[in-house]
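Everything on this sheet refers to the single structure shown next.
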Amino acid sequence: MPDNIVNIDFRRHFRTQPREPLLDLGAGEGRHTVEACRWPCRVVSVDLSRYDLLRARYMLADLQRRGIASGRADFVIADAQHLPFRDDAFDRVLCTEVLEHIPDDRQGLRELVRVLKPGGPIAVSVPSYLPEKVFWAISWDYWHTPGGHVRMYRPGEMWRLLEEEGVRLHTQRRRHSFQTFYWFLRCAFGKNNENFPLLRLLTRFINWYHNRRRVRLLERIEAVLDLVLGKDLIFYGYKPAEGRTSLTPLAQSAVGREPSPVPSAGPSPPSAL
């Protein structure tokens, strides 16, 4: 499948500050952890899979040796529904393509907001409803794979869930419509049939597209397709600070702020890598 494609826009909607503590919840193989570490911030990368976190640590170490990533990361095995961190531990948090996998998504959101400092930015992404509905309809394997998706989010549902947990949202984006075509082919011709010729060709194209110098024509084509076929739905918001509910993360980025100290998460759990 396509390699480590990032959902979160760290340049416009989720800009990090130097030495800023950031939680990457459900990090998997570390695509967003590595991207965040391209800035000199401190990431705590959390996932249930030890194997995935080992791969993430290896990938980050390689980029650090090559001088591409200047940030730091700690890798912790933990359950998204029961995080081993104190309240208000992180300056910002992100959670991408995770909530559709876990049994209690509301508890996962509750924990994500709990460990975020008041005034801190939050970014959450889930699969977009229309492509997901098609995938579920044409492939039994797609939604019966162990550890796979256990729910779909209808339009407006994730926005409502985030607001019910106290998050103030300011931006919603759809991205990666080219990946919608990739997953359609996988669902149509066999989810585990990655050697299907057209699928292999599309995989090579997507990897080239995301690792090349900018091709503005392709970016514009995908941007138009994203309006309807974007595979990922991304939400940006913040946890209101007491008495300062009008200051959005974008405004905070514009005026700048001093980085907070790295959070103390208490004694490291036995499963920390």
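The values are calculated or read from the model by the stated rules, or taken from the named source; none is laboratory data. Since this is a predicted model, take the numbers as computed values, not measurements. Here the Cβ is made from the backbone with ideal geometry for all residues, glycine too, and neighbour counts use every protein chain on show.
Things worth noting here:
- Condition met for residue 99 (closer than 30 Å to residue 185 by Cβ and in contact with an Asp or Glu (Cβ under 9 Å, 6 or more places away or on another chain)): yes
- Condition met for residue 76 (under 15 Å from the mean Cα position of the chain (by Cα), closer than 16 Å to residue 32 by Cα, at pLDDT 95 or above and not small (Gly, Ala, Ser)): no
- Segment 144-185 - residue that is in a loop (DSSP other than H, G, I, E, B) and of a type in the set (D, E, K, R) and, of those, surrounded by the fewest Cβ atoms within 10 Å (Cβ to Cβ): 154
- Qualifying residue in segment 246-263 (condition: modelled with pLDDT of 90 or more, touching a helix residue (DSSP H, G or I) at 6+ places or on another chain (Cβ under 9 Å) and not small (Gly, Ala, Ser)): no
- Candidates 26, 67, 30: the one that is on the phi > 0 side of the Ramachandran plot and in contact with a helix residue (DSSP H, G or I) (Cβ under 6 Å, 6 or more places away or on another chain) is 30.
- Remark: pairs (first residue in segment 167-180, of a type in the set (Gly, Ala, Ser); second residue crowded, with 21+ Cβ neighbours inside 10 Å; Cβ separation under 9 Å; 6+ apart in sequence or on different chains) = 177/131; 177/230; 177/231.
- When segment 153-177 is filtered for residues that are over 17 Å from the mean Cα position of the chain (by Cα), more than 12 Å from residue 237 (Cβ to Cβ) and of a type in the set (Gly, Ala, Ser), only 156 remains.
- Criterion (modelled with pLDDT of 95 or more and of a type in the set (Gly, Ala, Ser)) met by exactly one of 148, 237, 190: 237
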